[in-house]
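A short worksheet on the structure shown next.
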Amino acid sequence: MAIDCLVLGAGQEVGKSCVIVSINGKRIMFDCGMHMGYADHRRYPDFSLISKSADFNSALSCIIITHFHLDHIGALPYFTEVCGYNGPIYMTYPTKALAPLMLEDYRKVMVGRGEEEQFTYENILDCMKKVTAVDLKQTVQVDKDLQIRGYYAGHVLGAAMFYASLGDAAMVYTGDYNMTPDRHLGAAQIDRMQLDVLITESTYATTIRDSKYAREREFLKAVHKCVSNGGKVLIPTFALGRAQELCILLDDYWERMNLKVPIYFSAGLTMQANLYYKVLINWTSQKVKDTYATRNAFDFKNVHSFDRSLLDAPGPCVLFATPGMISGGFSLEVFKHWAPSEANLITLPGYCVAGTVGHKLMSGKPTKVDLDKDTQIDVRCQIHQLSFSPHTDAKGIMDLVKFLSPKHVVLVHGEKPKMDLLKARIKSELGIQCYDPANTETVSFPSTHFVKADASNTFIRSSLTPNFEFLKDEAKAMAPLEVRDGRVTEGILAMEKGQKVKILHQDELLTMIGTEKTEVEFGYCFALRLCSLKRVLPAIEEVSVFDENLLLSVLNMKLSNEVGLQDRVGSLEVNSFRLSICKNNSCPHRSNGDSDGSYEGMFFCCNWSNLDMKLAWRVISLLKNMDSSVDLTNKMPFNNVER
Ligand SMILES: [Zn+2]
Ligand SMILES: [Zn+2]
Ligand SMILES: [Zn+2]
């Protein structure tokens, strides 16, 4: 029984998320994304690692898509329509509704760039027909053994984390998520569960974010300054997600500041997306839902469709253009027109995939950008990098890992050096094993197998008695007394042929196997020197002449700070432990070193049963320490009190 994670994409990188998890032999593909920074074979995950013979239908039990971003779904039409996967595919309702818009938008960009068409518009539609839409927290039985369930992930509309279990083995794959709410979406939410493995994104593995409010204001200030100086603002975004969040932000600000500068959306696509957002209001944040009755947050007052003829028109404006990261298409065309002017502003998302124009602009402030070997663009415009992002920060990842406390954590969707730091933190701060496999690597974990057992009445009754522990902070006199139940229940797991496994109380076992209880008694006999005893009870002059009970009482007083023994005639006792003076020279418990008859001292015999093992050795070591400490002072001539 094991869980294997084969990382086909987003291993130590961001882009083409795809993890194949096999739970006790059943395989699930989590996400089927594309890498936006590549146009060659690296664009898609290496599917040949799933099945050499390309028999994907028998190799996979299902595909789960977490959200509509292309780095999570971009390769799906290719995998189903070109590679021939025909099995079940699951995603949430909004993802199913919005994914075709994203896929078609990107397909047009690819074709527009003159690249070979990977899939057609019909392919996208055919692929989506194979998708089963699921609700949040709806348990889906993929087959008779395999169960999956989605949880709200924030991030973008419809994004979900997915739980999968088979028998006792269970895991969660987060996809992208956000642990704090934003303008239009709530924070991720998940139940506490027993997990073998948590696979989490780690885009911001080392970033801790401060107040979002301040960072939003920075963005608004930069945009406002640019347009009031007559400049044009280009906001390259994907059609969905960030576009809506920034739109709410700008539309709101425009209202408050009474600004008349037009805000445009490129093509009709984003307008169509806004329509979907209005319909899918249930998946947005509580705040958006609450104000829905009076005003739908996605009814933008100041936003209009952009017409290509406006590209070189004079005057300020704000334009949302797809795709994000300026990886081609219309946003690249606008970039070519607007980048050379100092008056203009280009905003970039917090994260840009390597290989895109956005990524080039982020790395330092270049004055020129090479688009291809023949085209070079002068960059004189201002660049503003958005410092808020729909991804969780490092604190959010740590909080989620701590909350779920899985046995193992696998980091994906991040950059290697940062992942290494986070991995070390998860190991040292939370004590959880953590891995960050590269693409095409597999990590394996043993999966949990629970044994269901009945319990006998006697055993249950024996476990009902609490064992209170009183903890008091001695340093603080006024500290309240803390009480803890330190009960440990011990039983015996009995497995009889043909019968259900049962936990018994130990007494029951004897009846069950028809035998009597055998007590094992432990004994230890040791000597204390006369000189040490004299220190305790100076009246002892000779071994033969003294009161045994008096000596034992005095010894008991010496020990009373450490252990509580009861005075009995001829012995000190507590529970099964018994200490007495031993006069049997051939005592079988006598330890080897102490058996010499000529020894000037006195022998003490201890007996106890298994239950008092700790206590017995505590008393013996206290007494023997008393002996050796005297021994030490005797060896120091200038410090001899007796003389
Ligand atoms: Zn995403
Ligand atoms: Zn992603
Ligand atoms: Zn003895």
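Read the figures in this text as sums done on the coordinates, not as results from a lab. Values in this document were obtained by computation on a predicted structure and should not be read as measured data. Cβ sites come from the backbone with ideal geometry, for glycine too, and all protein chains shown count toward neighbours.
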I'm trying to understand the selection: among the residues of the stretch 21-33, which are surrounded by 21 or more Cβ atoms within 10 Å (Cβ to Cβ) and either of a type outside the set (Phe, Trp, Tyr) or at positive phi (or both)?
Val21, Ile23, Ile28, Met29, Asp31, Cys32, Gly33
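Among His391, His408, which is the only one that is crowded, with 19+ Cβ neighbours inside 10 Å, of a type outside the set (Asp, Glu) and under 30 Å from Pro446 (Cα atoms)?
Details: His391 fails: under 30 Å from Pro446 (Cα atoms).
The unique qualifying residue is His408.
Mind listing just one residue for me: the one in the stretch 201-241 that is in a strand (DSSP E or B) and touching a helix residue (DSSP H, G or I) at 6+ places or on another chain (Cβ under 6 Å) and, of those, nearest to Val443 (Cα to Cα)?
Of the residues in the stretch 201-241, the ones in a strand (DSSP E or B) are 201, 232-236.
With the extra rule that they be touching a helix residue (DSSP H, G or I) at 6+ places or on another chain (Cβ under 6 Å), the set shrinks to 232-234, 236.
Numbers: Lys232: 49, Val233: 46, Leu234: 43, Pro236: 37 Å.
Per the criteria, the residue is Pro236.
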Residues located in the stretch 137-174, provided they are within 16 Å of ligand 2 (Cβ to nearest atom) and in a strand (DSSP E or B):
Ala160, Met161, Phe162, Tyr173
List the pairs whose first member sits in the stretch 1-17 and is on the phi > 0 side of the Ramachandran plot, whose second member is away from ligand 2 (no atom under 16 Å from the Cβ) and assigned to a strand (DSSP E or B), and whose Cβ atoms are under 6 Å apart, counting only residues at least 6 apart or on separate chains?
none
Among (1) over 30 Å from Tyr44 (Cα atoms); (2) of a type in the set (Ser, Thr, Tyr); (3) in contact (Cβ under 8 Å) with a residue 40 or more places away in the chain, the one test that Thr442 misses:
(1)
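Find the strands (runs of 3 or more DSSP E) located wholly in the stretch 434-534 whose residues include 2 or more that are within 16 Å of ligand 2 (Cβ to nearest atom), and list them.
Details: elements: 442-446, 468-471, 482-485, 492-494, 502-504, 521-529.
Correct list: empty, since no element meets the threshold.
Counting only residues that are touching a strand residue (DSSP E or B) at 6+ places or on another chain (Cβ under 9 Å) and aromatic (Phe, Trp, Tyr), give me the helices (runs of 4 or more DSSP H) lying completely in the stretch 277-371 with at least 3 of them.
Values: elements: 286-291, 329-338, 357-362.
Correct list: 329-338.
Going by the conditions given, is Tyr177 within 16 Å of ligand 2 (Cβ to nearest atom) and either surrounded by 19 or more Cβ atoms within 10 Å (Cβ to Cβ) or not in a loop (DSSP other than H, G, I, E, B) (or both)?
On the way: within 16 Å of ligand 2 (Cβ to nearest atom): yes; either surrounded by 19 or more Cβ atoms within 10 Å (Cβ to Cβ) or not in a loop (DSSP other than H, G, I, E, B) (or both): yes.
When the stated conditions are applied, Tyr177 passes them.
Can you pull out the residues in the stretch 30-73 that are among the acidic types (Asp, Glu) and within 23 Å of Met91 (Cα to Cα)? Quick ask: steps written out before the conclusion?
Taking the stretch 30-73 first, the residues among the acidic types (Asp, Glu) are 31, 40, 46, 55, 71.
Passing the criteria: Asp31, Asp46, Asp55, Asp71.
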